[in-house]
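Student: Have a look at this one before I ask anything.
The values are calculated or read from the model by the stated rules, or taken from the named source; none is laboratory data. As the structure is a computational prediction, the values presented were derived from the model and not from experiment. Positions of Cβ are backbone-derived with ideal geometry, glycine not excepted, and every protein chain shown enters the neighbour counts. Just so you know, the surface numbers come from the protein's heavy atoms only, side chains and all, with ligands and any DNA or RNA stripped out. Shrake-Rupley method; radii C 1.70, N 1.55, O 1.52, S 1.80 Å.
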Amino acid sequence: FQNEINEVPFFDVQLPYELALKIFQYLGKAELGRCAQVSRTWKVLAEDQVLWYRLCQQEGYLLDRSISEHSCWKLALRSCQARENTLKHNWKNRIGAVSQLRYEPGKILCDVHSCGGVVITGYTSGEVRLWDTSSWDCRAPSLEAADHAGVGPPVSFVRVNSALAAAAHEDGSVSVWSVLLGQEPLHRWQHPQRVQGLALGTAGTAVATACGFQVSVETPSDQGFWQTSATFEIHKLVNFLNLVPDVAGSPVAVAAAEDIVYLLKGEGPAKVLHSVYGQPVTCLDVSAHEAAFGIKTFGWLLNEPNQILLYNLETNQCLTKVGNSTGDFTCVNLHASPPHMLVAGSRDRRVRVLDLRRGEAVCSLYAHQLGVSAVQMDDWKVISGGEEGLVCVWDQRMGTKLWEMHARHPVRHVWFGSHSLITANIPQDRHSSGSDDPAVHRKYRGTIYFYDFSGEQLTGDSVLPICRSSYAEVTGYNYNIGLAVPYDSI
């Protein structure tokens, strides 16, 4: 019937179908539904696939699909919205599956980082493991193995993005792997002393390291050979190091060294972005065009509260100062927050959601008894982790706690996507006393939890997590013995 329509009646005039379609593209879902009840011609026009494909793209669904991949984009949009409502209900009511990403012979957990559901972990034994939570079995191939004696240099930092995984050890060695290939490192280099900072962008192939009073950036050439693309000399030891995401051309880094924040860009020397004597930087995060960091005030500025400073990386100017905290700001998340918003946690046990346009806090949540150590937020929820090991999920608009989970060690890493949540509890004391038997110190090693709220991970015919291992494991203290189908790998 649509092919037979040449002119669409618009009250007392007749319009061509293409022109009527351009008028209807300014309508929303409700308006299109009302127009579909006017007449048969308007119903065909209001249900045109071009209109609903554009609505689906505007609301952020199926962005990588073409218009020919679905026969009915109205039903596709409806199914996407129903799935989003289900996920939101599961998040609020803690409905889903939870599992631990545990590697038994790894000894004590040192550092954890994740990106897009891929988790990288480093241990005191020197081993580095890469987990892919998108697969149902969550296997963890080893990227870095210890020596034959079973002990290697402990891992200091681990980072991962969509393309690369990197790890720095206590002896100053740094290794880089491909996320797709894994196993053998693409590049390895040695620093003369311990690495104080390691940074990867959300995408790209640049790796930044801080050692002593020098920050270097390693990048591969067009032929695939790794080289030092930039080296910057600074005057103090680096406490925080970040690479600016989505930068065309040479990589741009932001480093915080005690009370100075440096902008490391191009081939020139390091530029001082912020420097106030007696105000050390306590946390740092960067986005594509801005940098946010917390400063600590003391001495003659004792009556001035601690604040979060926001700088523009293009003009090098301070945009705003937000947050008034009596305690030090310990964590800030700018890159994963909604536009014009950021979330920060401090030692005064509060999580603050800050509006950068108004320069004030939208809400303040009394969260953790020993201080906040990790935060992240989206349009409607806030997730925070504390020094006491508590992970809290908050409804941002209501300012109420939805649910919480507790583990033994402080929460050092929090990451969540649309349907999953990853938290890491890393012990402060990495040298536990007592016997060397690994089974004795299981509770002191640290834990990584993976929450799946989609409801699709555990199906009726899937194998339970306790039944996934085989008898090929040589560790006799592993209680995750193969209780179901144990002979598949023999």
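Residues are listed down the side, and each one gets a yes or a no for (1) out of contact with any strand residue (DSSP E or B) (no Cβ under 6 Å at 6 or more places or on another chain); (2) more than 18 Å from residue 414 (Cα to Cα); (3) among the hydroxyl-bearing types (Ser, Thr, Tyr); (4) buried (at least 18 other Cβ atoms within 10 Å of the Cβ):
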| position | (1), (2), (3), (4) |
| --- | --- |
| 293 | no, yes, no, yes |
| 318 | no, yes, no, no |
| 323 | no, yes, no, yes |
| 329 | no, no, no, yes |
| 333 | no, no, no, yes |
| 343 | no, no, no, yes |
| 350 | no, no, no, yes |
| 353 | no, no, no, yes |
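Student: Looking only at the stretch 35-73, count how many residues are among the charged types (D, E, K, R), open to solvent by less than 60 Å² (accessible area, probe 1.4 Å) and closer than 24 Å to residue 85 by Cα.
Tutor: Of the residues in that region, 0 qualify.
Student: When the stretch 225-249 is examined, which residues are found to be surrounded by fewer than 18 Cβ atoms within 10 Å (Cβ to Cβ) and either among the β-branched types (Val, Ile, Thr) or in contact with a helix residue (DSSP H, G or I) (Cβ under 9 Å, 6 or more places away or on another chain) (or both)?
Tutor: 228, 231, 247
Student: Among the residues of the stretch 94-110, write down those that are surrounded by fewer than 23 Cβ atoms within 10 Å (Cβ to Cβ) and not in a helix (DSSP H, G or I).
Tutor: 94, 95, 96, 97, 98, 99, 100, 101, 102, 103, 108
Student: Taking only pairs six or more apart or across chains, which ones have beta-carbon atoms under 8 Å, a first residue in the stretch 434-455 that is open to solvent by 20 Å² or more (accessible area, probe 1.4 Å) and part of a loop (DSSP other than H, G, I, E, B), and a second residue that is acidic (Asp, Glu) and at pLDDT 60 or above?
Tutor: Listed pairs, sorted by first residue: 438/104.
Student: Does residue 91 satisfy the condition of being touching a strand residue (DSSP E or B) at 6+ places or on another chain (Cβ under 8 Å), open to solvent by 20 Å² or more (accessible area, probe 1.4 Å) and assigned to a helix (DSSP H, G or I)?
Tutor: So residue 91 does not fit the description; no.
Student: Pairs please, first residue from the stretch 122-135 and assigned to a loop (DSSP other than H, G, I, E, B), second anywhere and among the acidic types (Asp, Glu), Cβ atoms under 9 Å, 6+ apart in sequence or on different chains.
Tutor: Close Cβ pairs satisfying both conditions: 126/144; 126/147; 126/170; 127/144; 133/452.
Student: If you don't mind, there's one more thing I want to ask. Show me the strands (runs of 3 or more DSSP E) found entirely inside the stretch 373-428 where at least 2 residues are in contact (Cβ under 8 Å) with a residue 60 or more places away in the chain and under 23 Å from residue 118 (Cα atoms).
Tutor: 411-416, 420-425
Student: Would you tally the residues in the stretch 7-29 being closer than 19 Å to residue 49 by Cβ, surrounded by fewer than 14 Cβ atoms within 10 Å (Cβ to Cβ) and either at pLDDT below 70 or of a type outside the set (Phe, Trp, Tyr) (or both)?
Tutor: Summing the residues that are closer than 19 Å to residue 49 by Cβ, surrounded by fewer than 14 Cβ atoms within 10 Å (Cβ to Cβ) and either at pLDDT below 70 or of a type outside the set (Phe, Trp, Tyr) (or both) in the stretch 7-29 gives 7.
Student: Given the conditions (1) at pLDDT 85 or above; (2) more than 30 Å from residue 416 (Cα to Cα), which single one is not true for residue 3?
Tutor: Exception for residue 3: condition (1).
Student: Select from the stretch 340-369 the residues that are touching a residue at least 40 places away in the same chain (Cβ under 8 Å) and more than 23 Å from residue 420 (Cα to Cα) and list them in ascending order.
Tutor: Within the stretch 340-369, 346, 354, 356 meet the criteria.
Student: Taking strands (runs of 3 or more DSSP E) that do not extend beyond the stretch 171-238, which have at least 1 residues that are at positive phi and at pLDDT below 95?
Tutor: none
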